[in-house]
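To start, the structure under review is shown below, and the notes come after it.
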Amino acid sequence: MRPGARPTIFGRDIQHLHCVGIGGMGVGPLAIYLAQIGFTVSGEDDALSSTMREQLARERIAIGPLPVDAELVVYSSAIAKTHPAYVSAVARPLPLVRRGELLAEVLREKKLVAVCGSHGKTTTTAMLVSALRAANFPAGWIVGGLFADDAAPARIGSNEWVVAEVDESDGTIEHFAPEITVAVNLDWDHADFYRRQADVETTFAGLFARTRGTVLVSDACAMSARVVARGGRGVRTFGRSGDFQAEISAEPADRMTLRLGGGFTAAEVVVRAEGSFNASNAAAALAAAQLMGAPLARNSLADYPGIRRRQARLGTVAGLAVLEDYAHHPAEIRALLGSLRPRVAGDARLIVVFQPHRFTRTAQFKAEFAAALAAADSVHLLDVYGAGEPPVAGGTTADIYAELKRNAPALPLTYLPGNEPAFFRALSREARRGDLVAFVGAGDIDQKARVWLERLRVEAEAAQRWDCCRDALNAGVSAATRVRREEPLAPKTTMRVGGAARLYAEPASVADLQALLRSAKQQGLEVFMLGRGSNLIVPDEGVDGLVLSLAHEAWSVFESRPDGRVWAGAGLRLKNLCGLAAKAGLVGFEFLEGIPGNLGGALRMNAGAMGGWMFDVVEEVQVMSFDGEITTLAKSALHVDYRHCAELHHAIALGARLVSRRGLGEGGRPAAPAGGDAIARQIDVYRKKRHETQPREPSAGCVFKNPPGNSAGRLIDECGLKGERVGDAEVSEVHANFIVNRGNASGADVLELIRRIRARVRQVKGVDLQPEVLLYGKKWEDVL
């Protein structure tokens, strides 16, 4: 444009253009080009990335709603006609044009090199730009992506040539008449626009016919061969056996050497990329550069920076490599996984996280997607990224999941619809040192990848700290006590849900317990006691602290004394306590038979059943403070009420002196032992009643406290909640105050079901139920 001249477009004098969808890789680079040739440009986007925002800011492109002085609106084809900017432009009225239409108009008088096709056009365009820059050939460019080195995605150049990525997805390709057309490959895609494959072929045949100079096509693409056979001037091929020949001769890490032949003027080129697919892209780019008149050299692509979201390495954490790629068509996924497979050696695995893009594409290619993904060692599926489309039948992630289950049943496969936190946890649990994790898709999966990688970094840093803590704890205890990392807690609970303890130990003696407590305090570790896990729920994320369990046999002592008293260790199971007491003829312990806990937990919670309570049979308790100090507290010194012993919420019960109901006879002499048959009969009565009134499936016991003068179970039942489910967590049909695990419930399932129960009872009965079970490592008020 001449200095001082007013820009014209579509034959009209226009100064200010507003771009809707400016954060996208189509509109954003075009906006930058428009600003450089002299237009005033503004724009808006509902999801503008910080990277694109920085690129736009360099050109002083204002971001915000449609300005009052805008004269034309350019929009992405993904923008719905109900978008506020579109509606406002129609109301003014202002002319509206699609991105492709404006691009064609702006470049109408330029010598355009149009890079088009189904797979790899952004990479090929970027490689062509890199080769031109290396040759100091001053062409302009508009790339449909962002360079990895933060170079501008668009430049006006100083000669008559412009390289631009041209997209066929919305039909605007019909407006272009290039000087050179580079068709990287052709495939049937965009089923929402092209209902038949023949429609795609007709579109490209038209473009080839309008090309004024050379049409470059792949020698390995059958559809390209069919289309050029319909007519087209100056057709040349590129590839391993084309007019412009390129073949990989060496492929060290991060780059490859291509041996060139045929019409190429250079003998070989080093390319900063990997894989046969990128070799084909490089051949196309180099051939186009030579046809434009740029000299080729060995280093033409040695500094190619790559494109964001094209095999972009996001980082390596704890020996785990993570990358992302924009592949969103089955052919692209096949090529990507084929290029990644050689990077995975030994026992390492290729783990793919795939987010389908558009419901129409998913419906069209679900079988092909499944076949391509089956080349991975493990697949994690995310919900479809609709890109503004409404869902269509057969076009969901569940359909790809079903195809994979049917045709690759041995492939490890995860799909957790709508549950991103669970997705992150499942991926973290599976990935291990040496694995390569590839996030694949064209939606917002790149953002999810970065979120997960940051979580991974945080977890890796935390793991180092926990490892140091474990080593310090182990240094202070005997060989009989070992502190373990990431100990699964679900198997140690009656509910069978939840994650792991960061640190876990079963002290073998009083001295070891004292040493662990003191060392934990020095390192600022929170300590959690775990009994038989019968009255608690472990969150899926596990417990950040040191979990101590008195599961070692040293804590399970039972000493019956002649006066009818018993000394029992805190680790003794209540079922065993009941049985041993019965064997000794001691009355009053029968109610403990069916309580699935140990003595320490029963003391802390004042466990009760069948009309009996733990502290009915307690005389004194030996406790250890979290500083390691040991004291003995008489029952009269303890503050005990319903499901609670205050002193034991801040100390650890080591054992207790218990008294039988037969107690002492006249004159302080021991009373005669009770008859064993009578005790056994009473135990059988309690056992039968428990079996009839409580569920057999895994549970944590009664979930809610009984409100004063009422029954939590009755309230839940009257709200019609028996059988209510979240995942495999279910309100028991036997007793409504129990939540049972039907097989594979998660902690999140149980917590969500608890929320629903509380909300329903509050709505219907006006009662706020309070949890009786413990939420291990967390506070109920933070969760509810």
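What do you get for the angle between helix 27-36 and the principal long axis of the chain? Use alpha-carbon atoms, 0 to 90 degrees, nearest ten.
For helix 27-36, the angle is close to 50 degrees.
Using a 1.4 Å probe on the protein heavy atoms, what percent of the accessible area of region 256-364 belongs to carbon and sulfur?
After summing per-atom areas, the C and S share lands at 48 percent.
Which entries in the list 521/635; 492/779; 521/778 go over 22 Å, if you measure between the two C-alpha atoms of each?
Over 22 Å Cα-Cα: 521/635.
Under the rule of at least 5 residues apart or a separate chain, name every residue whose amide H is placed under 5 Å from the amide H of residue 619.
657, 658, 659
Counting chymotrypsin sites (Phe, Trp or Tyr not before Pro) as exposed when in a DSSP loop with at most 16 other beta carbons within 10 Å, what is the longest stretch of the chain free of them?
Answer from the scan: 194-625.
Ignoring any ligand, DNA or RNA, what whole percent of the accessible area of region 494-583 comes from carbon and sulfur when the probe is 1.4 angstrom?
Here it works out to 46 percent.
Rolling a 1.4 Å sphere over the protein heavy atoms, what is the accessible area per residue of the chain, to the nearest Å²?
42 Å²
Tell me which trypsin sites (Lys or Arg not before Pro) from region 67-127 have a DSSP coil assignment and no more than 10 other beta carbons within 10 Å of their own.
Here the trypsin sites (Lys or Arg not before Pro) that fit, given the DSSP loop and packing criteria, are 81.
Counting only other residues whose beta carbon sits under 9 Å from that of residue 342, what net charge do I get with K and R as +1, D and E as -1?
0
By how many degrees, 0 to 90 and rounded to 10, does the Cα axis of helix 397-407 deviate from the longest principal axis of the chain?
80 degrees
Go ahead and estimate [θ] at 222 nm for the chain from helices alone: -39,500 (n - 2.57) per DSSP H run with n ≥ 4, summed, over the residue count, rounded to 500.
-9500 deg cm²/dmol
Percent of accessible area on region 47-132 owned by carbon and sulfur, 1.4 Å probe?
It is 53 percent, rounded to a whole number.
Give the lysines reachable from residue 111 as a straight Cα distance under 25 Å; neighbours fewer than 8 places away on the same chain don't count.
Within the straight-line limit of under 25 Å, residue 111 reaches these lysines: 121.
Each residue of region 111-121 in order: what ³J(HN,Hα) in whole Hz does its phi give by Karplus 6.51 cos²θ - 1.76 cosθ + 1.60, θ = phi - 60°, with x for Gly and Pro?
So the Karplus estimates, Gly and Pro as x, are 8, 8, 9, 9, 9, 9, x, 8, 9, x, 5 Hz.
Considering only DSSP states other than H, G, I, E and B, which GluC sites (Glu not before Pro) in region 588-657 qualify as loop sites with at most 14 other Cβ atoms within 10 Å?
Answer in residue order: 629.
The values are calculated or read from the model by the stated rules, or taken from the named source; none is laboratory data. As the structure is a computational prediction, the values presented were derived from the model and not from experiment. Glycine gets a Cβ as well: all are built from the backbone with ideal geometry, and neighbour counts include every protein chain shown. Areas reflect the complete protein model, heavy atoms only, side chains present, ligands, DNA and RNA absent. Shrake-Rupley method; radii C 1.70, N 1.55, O 1.52, S 1.80 Å.
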